[in-house]
Amino acid sequence: MTTASSADAAPGTPTVAVLGTGIMGSGMARSLLRAQLPVRAWNRTRAKAEPLSAHGATVTDTAEEAVRGADVVLTALNDGPSVAETLTAAAPGLRPGQVWLQSSTVGLDATTDLVHRAAGMGLVYLDAPVLGTKQPAEQGTLTVFVSGPSSARAAALPVLDAIGQRTVWVGEEPGAATRLKLVANTWVINLVNGAAECLNLAEGLGLDPQLFLDSMKGGPLDTPYLQNKSAAVLSGDLTPSFALSTALKDSRLILEAAESAGVRLDLVAASAERFSRAEAAGHGGQDMIATYYAGRSA
C-alpha cells in the first residue's frame with residue numbers, strides 16, 4: 001500500500017489531523033491516506049487509532065500533538081460535548097488560520113457554540129457533516145455537506161475529494177450544512193424504522209419476511225437500503241455501519257431542531273422511541289437496524 005507522510009508529501013499537499021477514529025473517522029483517515037495526504041490521527045482510546053499506523057498515519061497520544069503543524073483539522077466525534085472537549089484539549093497545538101472541517105453531527109445549538117469557539121481561536125470553521133456509513137467512509141464515497149467561507153474551499157478541497165464522491169456546498173453560513181444533514185438524516189431514520197416495522201409485521205402475521213423483500217425487489221418501491229438492512233438483521237449480522245445509539249442521538253437532535261422551527265415530526269418521534277427501547281434492551285452498539293428488536297414481543 002502506498003501512503004504519504006509529512007516528510008514525503010508533495011508540495012501543497014495538506015497535512016490532516018483526524019480527531020476521532022471510530023467507525024467514520026477511521027474510514028475517512030484511510031481514504032485520506034490512499035489519496036496520499038499525510039494524516040496525524042488521535043482517538044481518546046489510542047488502541048482504536050493504532051491500526052491506522054500500518055496504513056501510514058502518525059498516531060499521537062494527545063489531540064494537541066495531532067493538530068500541531070496540521071493544515072486541516074478534521075473532527076469525527078460522537079456529539080457536540082465531545083467535539084468541544086477535544087477542541088479544548090487540542091487548543092495549545094492549534095494556530096490561527098488552520099481550517100477546521102467539523103464532520104460530526106452535533107445539532108444546531110452545538111454548531112453555534114463551535115463556530116464561536118473557532119472564531120475565538122482564529123480557526124477557519126467549515127461546517128461539514130457527512131452522509132454515509134462505514135463502507136462509504138472507507139471507500140471515500142461519502143456525500144459531504146459543507147457551509148462556511150468560500151475562501152477556505154481551496155485548502156479543504158483535497159480533503160473533501162479524498163473522503164467523498166460528492167461535495168454539496170450549501171452556503172457561506174456555518175450551520176447551513178448541519179441543517180441539511182438533519183433533513184437527510186430524517187429520511188434515513190424513517191426509512192430504517194419503516195423497514196424494521198415491515199419485517200416485524202410480516203413475522204407477526206406468520207409470513208416469511210423474505211417474501212415481502214422479494215415482492216418489493218426491482219420495483220418502484222424497492223431500495224438497496226431496504227434490501228441490505230433487512231438482509232443484515234435477518235442474518236443476525238448487526239455489525240454497526242451506523243450504531244443504533246448514534247441514530248438515537250441524531251433523532252433527538254432532529255426533534256430539537258424541529259421544535260425550534262415550529263415543525264411537528266411524528267415519525268421521527270416514533271423512531272426515537274423505538275431506538276430508545278432497542279437501546280434499553282442492549283442493542284445500542286449494534287447497527288441501527290437493530291430497531292427491529294423494538295418491535296418484537298419477545
*Could you list all residues from segment 130-149 that are within 20 Å of LEU37 (Cβ to Cβ) and assigned to a loop (DSSP other than H, G, I, E, B)?*
GLY132, GLY140, THR141, GLY148
*Residue list for segment 65-84, filter: more than 25 Å from ALA247 (Cβ to Cβ) and crowded, with 16+ Cβ neighbours inside 10 Å*: GLU65, ALA66, VAL67, ARG68, ALA70, ASP71, VAL72, VAL73
*Could you please find all residues in segment 85-124 being open to solvent by less than 10 Å² (accessible area, probe 1.4 Å) and more than 21 Å from ALA156 (Cα to Cα)?*
GLY107
*Subset of segment 234-248 [more than 15 Å from THR133 (Cβ to Cβ), open to solvent by 30 Å² or more (accessible area, probe 1.4 Å) and part of a helix (DSSP H, G or I)]*: LEU234, SER235
*Just to be sure, is LEU267 surrounded by fewer than 16 Cβ atoms within 10 Å (Cβ to Cβ), within 25 Å of the chain's Cα centre (by Cα), hydrophobic (A, V, I, L, M, F, W, C) and in a helix (DSSP H, G or I)?*
yes
*Say we look at segment 270-298 and pick out the residues that are part of a loop (DSSP other than H, G, I, E, B) and touching a Gly at 6+ places or on another chain (Cβ under 9 Å); which of these is surrounded by the fewest Cβ atoms within 10 Å (Cβ to Cβ)?*
SER297
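Give the residues of segment 119-138 that are more than 21 Å from GLU173 (Cα to Cα) and in contact with a helix residue (DSSP H, G or I) (Cβ under 7 Å, 6 or more places away or on another chain), sorted by residue number. Spell out the reasoning first.
Applying the first criterion (more than 21 Å from GLU173 (Cα to Cα)) to segment 119-138 yields 132-138.
Scanning segment 119-138 gives LYS134, ALA137, GLU138.
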*Could you run through segment 161-199 and say how many residues are under 19 Å from GLN135 (Cβ atoms) and either among the aromatic types (Phe, Trp, Tyr) or touching a Gly at 6+ places or on another chain (Cβ under 8 Å) (or both)?*
5
*Looking at GLU259, is it within 22 Å of the chain's Cα centre (by Cα) and surrounded by fewer than 20 Cβ atoms within 10 Å (Cβ to Cβ)?*
no
*Looking at THR86, THR13, THR62, which is the one that is touching a helix residue (DSSP H, G or I) at 6+ places or on another chain (Cβ under 8 Å) and modelled with pLDDT under 95?*
THR13
*Can you tell me which residues in segment 272-298 are at pLDDT below 95 and either among the polar types (S, T, N, Q) or within 20 Å of LEU226 (Cα to Cα) (or both)?*
ARG296, SER297
_Can you pull out every residue in segment 160-186 that is among the aliphatic types (A, V, I, L, M), closer than 17 Å to THR111 by Cα and in contact with a helix residue (DSSP H, G or I) (Cβ under 7 Å, 6 or more places away or on another chain)?_
VAL170, LEU182
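The values are calculated or read from the model by the stated rules, or taken from the named source; none is laboratory data. No experiment lies behind these values; they were computed from the predicted model shown. Neighbour counts are summed over all protein chains in view; Cβ atoms, including those assigned to glycine, are modelled from backbone coordinates with ideal geometry. Areas reflect the complete protein model, heavy atoms only, side chains present, ligands, DNA and RNA absent. Shrake-Rupley method; radii C 1.70, N 1.55, O 1.52, S 1.80 Å.
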